[in-house]
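First up is the structure itself, then whatever we jot down about it.
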Amino acid sequence: EIGYCQALNFIAGIFLLFMNEELAFWSLVQFLAADDKELGLQIEDYYKENMTGVQVDSRVLQGLVAKKLPRLSRALEQQGVDISLIANPWFLTCFTVSLPISTTLRVWDALVFERDKVLFRVALAILRLLADRIEECSSADEVLPQMSSWVTGLVQHNVVMKTAFYGFGTFSRKTINQGREVARKQVEQGMREKELQRKRREIEAAERMRRQQEEKERQRREREIENGSPPPGQTADEKADWFTHDITTLPATSPAAYEGRQSAGGSHRELPGAAAAPAGASRSLAPPISRPSGPPHASSAPPPTHGWTAAAGPQRG
């Protein structure tokens, strides 16, 4: 269930300073996610999908800061600083990339014996030691870029540890777990809302795409009608109906109108706007055709032929 997270590299690196690779691996397992729930930090949720655990603990820390350091809490709120941006790297790496190595090792001694609540004590201690510098800033743009260098300068590990364990009175593991229950509900609710928003955006995007495709198809059909081509995918009867309807919009005397009426079945009905023909006059626009009298082959001249005939071979007209 635990996925790869770059923060694990720094935790494993601390173990590799003091033991071989195999022992470092099993120490990493016990340190983060021991089978015995009374051992290790039990923070495997930090490194699972969505990293729910670290989001929960950041909210717990925010509540502790509001209770233990109210002045600093108000300053961070006024500056627009999201405390998770500060605390998440601390929690994910167990302070290995934030504090100097001498201070980190002192913190780890306490983590091994006192377990995960030390994460909150040390985070509160760092914030208290840096409170004056943070409160002097006016915005998050001033606080966040400098926070890393400020924490790296906390080389007096005894001061950090004394502040962590003697500067805030007592708060039990029960208090931490209660805060986690409340924070987890808030985080899960927020994740559900984000998922609903994501699905809503997907539906809206699909609907926009559908409307765009329909509009493109409508415009394409209009261009085809303007160019005199029937829309594709129609039967022969539908194309004939479409073409008959289309030529009724042409001027009555245009060649296209005449040809269209002939192809539509020889209909000679008047077109809109056509002048009335005089009595006795032919209503067809086609020129009169003179036909010879008598049977079809009564003409003295044989009809012209082209190509081959069965009896005489190739003929010329």
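The values are calculated or read from the model by the stated rules, or taken from the named source; none is laboratory data. Nothing here was measured: the structure is a model prediction, and the numbers come from that model. Glycine also receives a Cβ, built like all others from the backbone with ideal geometry; neighbour counts cover every protein chain displayed. Quick note on the areas: whole protein, heavy atoms, side chains included, nothing else; ligands and nucleic acids left out. Shrake-Rupley method; radii C 1.70, N 1.55, O 1.52, S 1.80 Å.
Overview of results
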item	result
Which listed residue, of MET209, MET191, MET161, is within 16 Å of the chain's Cα centre (by Cα) and open to solvent by less than 100 Å² (accessible area, probe 1.4 Å)	MET191
Residues of the stretch 1-24 satisfying the condition of being surrounded by 14 or more Cβ atoms within 10 Å (Cβ to Cβ), over 33 Å from the mean Cα position of the chain (by Cα) and of a type in the set (Phe, Trp, Tyr)	PHE15
Test: ARG128 is within 20 Å of GLY13 (Cα to Cα) and basic (Lys, Arg)	no
Scan of the stretch 133-155 for residues that are over 28 Å from ARG106 (Cβ atoms) and of a type in the set (Gly, Ala, Ser), ordered by number	SER138, SER139, ALA140
Among (1) outside any helix (DSSP H, G or I); (2) under 17 Å from ASN177 (Cα atoms), the one test that GLU1 misses	(2)
Residues that are of a type in the set (Val, Ile, Thr), under 20 Å from ASP45 (Cα atoms) and at pLDDT 90 or above, drawn from the stretch 177-223	VAL182
